[in-house]
Amino acid sequence: MSNKHHRYKPIDPEIEALASSHEHNKAAVLEILKSIQASRGSLTQEAITDTARALKIPPALTFGVASFYSMLTLVPKPVNTIRLCDGPVCWLNGSSKIDREVQSLLQDHPDWIVERSSCLGLCDRAPAALINEDQSGPVSLSNLTGILAGWRGDHIDYAQTRSGELRVIMANTGKVDPDSLDSALDHGAYCGLGSSLSRTPESILSEVEASGLTGRGGAGFPVGRKWRFVALAERSPKYVICNADESEPLIFKDRVLIDTNPHAILEGMAIAGYATGCTEGFIYIRGEYPRQADRLENAIRQAEEAGWLGGNIAGSQFSFHVHVHRGAGAYICGEETALIESLEGKPGEPRMRPPYPPTSGYRGLPTLVNNVESYAAVPPIICNGAAWFRSLSSYPTPGTKIYMLLGHIRNPGIFEAPFGITLRQAIDEFGGGMRDGSQFQFALTGG
């Protein structure tokens, strides 16, 4: 159908209604396309074009978004989808064999389709799968038929600490009901933000700088220095972004933090906003984490109703609004500039740098980007002080780190300990050593 014909054909009422619900915001193109696919099963050329018309953006850009993300499809598919993870840990636990068995099992079920997936962030439940939007695992040959009947596996409880663990970021894991603000408040939530609002933004900046907190997303850039860059930027408005797109294989710590204490992340973002002069924040969360996105949105609603987010927080002059933005399957969006491109409603392709986000990020304006674990580390620093945080580790890098242990060890999972532990300590002291019959071969330490 020609573009000329489209000029005179009315826009699909459902698509126009979706665009109106997003106030015709061009950056909402991904969310609108996901909604269309959810109701229709796939994206047609006509639906893509009508979305472009409703948002007044080029159809080529809308098609670029629709074809970029792995969780969007331009081809009609069966009603149910099983995405089997073939990441390193799932492969190690036999996902390729399970894939063949699932394919064979579903031959007589035309309403199901099986697809491969890169790491789902469910490494502690390997072999893992995303069944429609349900996180599932461990999948085994014995429970394949249960999948069709609604089996989704068991969630792992990380409330129990390991011998030698030092929990700071995970201090309230298992103690807080993640879906209850009252429970979070009973365990000290928003005390750091309340304390911050009684101090100057400069004193909060100085405290975070003095703590030596480094980014927990991989690069290890000094958090306080990045905050200082954004605070000194002259243009406004400024934005805070939480990178919750942990797509790197073997990493699932941010998922655990969201699932166990979402208010700690929101509090850290609000403190960052206060210190740097930002009044709006975004949590960009990978599309494979729908359950965690729901939990964050619930926590935001609760915090706004109680006055810990939104306008004039705790009766102060500071306002801070947080939004959750769901991705749609794109490993590259874990890179901060690709994430920003996606947040703006474009394919998630990395930008040339410089300029860097602290001076030219979201919408070309000063933007602070840290990951989930980095923000969750901030409230304890404000409550206990920079000197306390530095005292937690004798290593040059201050504080604690969340480590993930996977593979042929006795006690895989997650733990928190000071920086500076050795690989042998991680495996033997925190992981219980190698499994019987297993011998150490190599370690992949990227996560």
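Among residues belonging to the range 315-328 that are in contact (Cβ under 8 Å) with a residue 24 or more places away in the chain and in a loop (DSSP other than H, G, I, E, B), point out the one that is surrounded by the most Cβ atoms within 10 Å (Cβ to Cβ).
As a first pass, look at the range 315-328 and keep what is in contact (Cβ under 8 Å) with a residue 24 or more places away in the chain: 316, 318-328.
After this cut, where a residue has to be in a loop (DSSP other than H, G, I, E, B) as well, the list is 316, 318-319, 327-328.
Numbers: 316: 14, 318: 18, 319: 15, 327: 26, 328: 22.
Among those that are in contact (Cβ under 8 Å) with a residue 24 or more places away in the chain and in a loop (DSSP other than H, G, I, E, B), it is 327.
Any idea which residue in the range 180-234 is least open to solvent (accessible area, probe 1.4 Å), counting only those that are on the phi > 0 side of the Ramachandran plot and in contact with a Ser or Thr (Cβ under 8 Å, 6 or more places away or on another chain)? Steps first, answer last, please.
Kept after step one, since they are on the phi > 0 side of the Ramachandran plot, are these residues of the range 180-234: 188, 190, 212, 218, 220.
Going one step further and asking which of them are in contact with a Ser or Thr (Cβ under 8 Å, 6 or more places away or on another chain), we end up with 212, 220.
On the way: 212: 16, 220: 32 Å².
Top of the filtered list is 212.
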- prompt: Only one of (1) under 19 Å from the mean Cα position of the chain (by Cα); (2) open to solvent by less than 30 Å² (accessible area, probe 1.4 Å); (3) more than 30 Å from residue 302 (Cα to Cα); (4) not basic (Lys, Arg) fails for residue 130. Which number is that?
  reply: (3)
task: Look through the range 10-41, keep the residues that are outside any helix (DSSP H, G or I) and within 27 Å of the chain's Cα centre (by Cα), and return whichever of them is surrounded by the fewest Cβ atoms within 10 Å (Cβ to Cβ).
output: 23
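Taking residue 44 as the residue in question, decide whether it is closer than 22 Å to residue 330 by Cα, open to solvent by 50 Å² or more (accessible area, probe 1.4 Å) and at pLDDT 95 or above. I'd like the intermediate steps shown before the answer.
On the way: closer than 22 Å to residue 330 by Cα: yes; open to solvent by 50 Å² or more (accessible area, probe 1.4 Å): yes; at pLDDT 95 or above: yes.
Answer is yes for this residue.
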- prompt: Limited to the range 137-160, what total is found for residues that are assigned to a loop (DSSP other than H, G, I, E, B) and in contact with a strand residue (DSSP E or B) (Cβ under 8 Å, 6 or more places away or on another chain)?
  reply: 6
- prompt: Taking the range 240-256 only, how many residues are under 29 Å from residue 359 (Cβ atoms), open to solvent by 10 Å² or more (accessible area, probe 1.4 Å) and either assigned to a helix (DSSP H, G or I) or of a type in the set (Ser, Thr, Tyr) (or both)?
  reply: 1
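To keep it simple, each residue is scored yes or no on (1) under 28 Å from residue 127 (Cα atoms); (2) crowded, with 16+ Cβ neighbours inside 10 Å.
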site: 398; (1), (2): no, yes
site: 416; (1), (2): yes, yes
site: 426; (1), (2): yes, yes
site: 435; (1), (2): yes, no
task: Inspect all residues belonging to the range 97-105 and state whether any of them is open to solvent by 10 Å² or more (accessible area, probe 1.4 Å), closer than 28 Å to residue 248 by Cα and in contact with an Asp or Glu (Cβ under 9 Å, 6 or more places away or on another chain).
output: yes
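The values are calculated or read from the model by the stated rules, or taken from the named source; none is laboratory data. Note that the structure is predicted; figures quoted are calculated from it, not measured. When we count neighbours, we look across all protein chains shown, and the Cβ atoms used for this are built from the backbone with ideal geometry, even at glycine. SASA here: full protein model, heavy atoms, side chains in, ligands and nucleic acids out. Shrake-Rupley method; radii C 1.70, N 1.55, O 1.52, S 1.80 Å.
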